Amino acid sequence: MPVRLMETCHHNTPLNHHQAQACHGELLEKLSLKKKIFLHIGHGKTGTSSIQSVLAKAQADLEAANILYPFDASFEDARKGFISSGNIPPHGITNWFEYCMMQVIQKQPNYKAYIFSNENLFWYMDQFFSEVENYREHFDFEIILSVRNPFDMLRSTYQQVVKRNGVTMGFDEYLVEQDFLEFHAAQAVTILERLEASQIKVNLLNYTAIGRNIGSRVLAALNINDLADCHIAENAIVNRSLDAAELQLLLLINFAFGVETGAKVSDDLVNRLPHLSPAKLNYSEDFVELIKNKMQPIVDQLNTRLPESEQLSLHPTLCAAAHAACHDDVNQLHFLASDQAAIAYDVLMNCFQEVLGSSSFNPEETMPVASLILFLFLGNASHSRIPINRQTYDVIIDECQAATCLSGLCESFDHNQLLGYFNYFSAGESVFLPQHLLVSQQLNALSHAGLSPKEILDLFAVVHRVKIRVAVD
């Protein structure tokens, strides 16, 4: 039995029959006042980080209302408006329902209601359904679930897998790989059907209709509208999508340096520059029809559960101006602003110092030099008309392989020398600003890293040829 009866009767001596009956009756009376458990399960890209930011900021007010949002180490980032994942980790836990939720409640039993949140719970609800019947005698459960228009969701999900999963494919390739199906909506229908069969209350929200007020709507779902009004101004953009130049950069970093480095760069860009507009990703007419055919039955099922004013739509979002289809940023050239370049440079420097210093690092022959050249361009990104994208990197690799003058440099310029180049800029107390990366600094750094004058001239000859091939007037 989930609640240990005798532990709640505070007697220090064995009970006789009448005392035991009285204690049992007292306990049943207390348990008849069921506690409420609110479980916000996502799904992802429906304002979940914003919701968790609002909940973390409102934690003290919630406790004053006798509602516990159990503390998690991520609250510090959440209160700053940074990316977070709530207060319960479902993956990697044998039974998150018991160990991450019910045990927390047992340790802090004096609240009338509890809130747990993590967007990944959306994919781990089997544990909930296998355990919930054991606790329903003493707890009322309410699930908070958000959905989103499929066309908006596909764009946002693509951005997310670029930011966090190391994806290097373009948007069209991603849609083909997904078989034109938005899987979150399909999973939401499955979860809703199981919750309804179990007669568990659901608060279903359409993030597309609600937008940045999603955090306040979640607070209102807790039946504390005064608290929702108090924190409505704190709804903020959290975990935004990448803008066009950042998307180009991340696709390149994922390709050249891998998912771990890409995720670190994207997190810093998103956290430190929260108000940039996302890249516009267009759908071809053929793809629109394919997605509609796949998603119409699923959207219809979700709309039967949403209020008339918050119905899901199956039409791609149009630009505000002239009601024309959004311009496709993917096929254009975009240039990083100085603050974006500075953030990316700082993160890459830290990553390279860690990775290049590792004894397990074994790059291809041309990778150290290509990495250095890419770094030079990123350091000058605010002044040079060089798009930092996959095409530029391909040109760099091509020129490195074609330059016979670099053959000796490719062999001698190993990762320890490249690490020395990065260390040059991070040494001492001076702060290196990428937008002020002067040629004299570059020459000093390369010399510091052990290159001879001839090798430096050969390297800059390759840099010059790359600029000619990719520079934009």
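Taken together, the values in this text are just the output of simple stated rules run on the coordinates, not laboratory data. Everything numeric in this text was worked out from a predicted model, so none of it was measured. With ideal geometry, Cβ positions are generated from the backbone for all residues, glycine too; neighbour counts draw on all protein chains shown.
Between the stretch 139-189 and the stretch 260-323, how many Å separate their Cα centres? Their Cα centres are 9 Å away from one another.
With an a/c value of 1.5 or above and a/b larger than b/c for the gyration tensor axes a ≥ b ≥ c computed over the alpha-carbon atoms, the stretch 104-261 is described as prolate.
With R₀ set to 25 Å, the beta-carbon distance separating Arg465 from Ala337 gives a calculated FRET efficiency near 0.45. The alpha-carbon of Lys107 sits under 21 angstrom from the alpha-carbons of these lysines, leaving out residues fewer than 8 places away in its chain: Lys30, Lys34, Lys35, Lys36. Modelled spin-label separation between Asn66 and Lys80, with each label point placed 7 Å from Cα along the Cα-to-Cβ direction: 3.6 nm.
For Met101, Met169, Met125, what's the fewest-to-most ordering of other Cβ within 10 Å of each Cβ? It would help to have the intermediate numbers written out before the result.
Values: Met101 24, Met169 16, Met125 21.
Arranged by neighbour count, lowest to highest, Met101, Met169, Met125 become Met169, Met125, Met101.
A simple spin-label model places pseudo-atoms 7 Å from Cα toward Cβ; at Gln108 and Phe255 they are separated by 4.7 nm.
Quick one: if the Förster radius is 51 Å, what FRET efficiency do Ser198 and Gln401 give, using the C-beta to C-beta distance and rounding to 0.05? Before the final figure, lay out each step's value.
Details: r = 61 Å, r/R0 = 1.20.
The calculated FRET efficiency here is 0.25.
Sorting Val470, Val147, Val395 from the fewest to the most surrounding beta carbons within 10 angstrom yields Val395, Val470, Val147. Spin-label pair His275-Ala73: with each label point 7 Å from Cα along the Cα-Cβ axis, the two points sit 3.2 nm from one another. Taking Lys and Arg as +1 and Asp and Glu as -1, the other residues whose beta-carbon sits under 10 Å from that of Ser85 total -3.
Count charges around Cys100 for me, please; just the other residues with Cβ under 13 Å from its Cβ, Lys/Arg as +1, Asp/Glu as -1. Can you show the working numbers first?
Working: positive: Lys107; negative: Asp72, Glu98, Glu131.
So the environment of Cys100 carries a net charge of -2.
Using 0.36 nm per residue, how much length does the chain from Tyr124 to Gln301 gain when fully extended, once their Cα-Cα distance is taken away?
Working: separation 177, 0.36 × 177 = 63.72 nm, distance 2.16 nm.
Residue separation times 0.36 nm, minus the Cα-Cα distance, leaves 61.6 nm.
For the pair Lys454 and Asp172 in one chain, pulling the backbone fully straight at 0.36 nm per residue adds 97.0 nm over the alpha carbon distance.
A convex hull fitted to the Cα coordinates of the stretch 78-177 yields 155 cubic angstrom per residue. Among Ser338, Ser84, sorting on how many other beta-carbon atoms sit within 10 Å of each Cβ, with the fewest leading, yields Ser338, Ser84.
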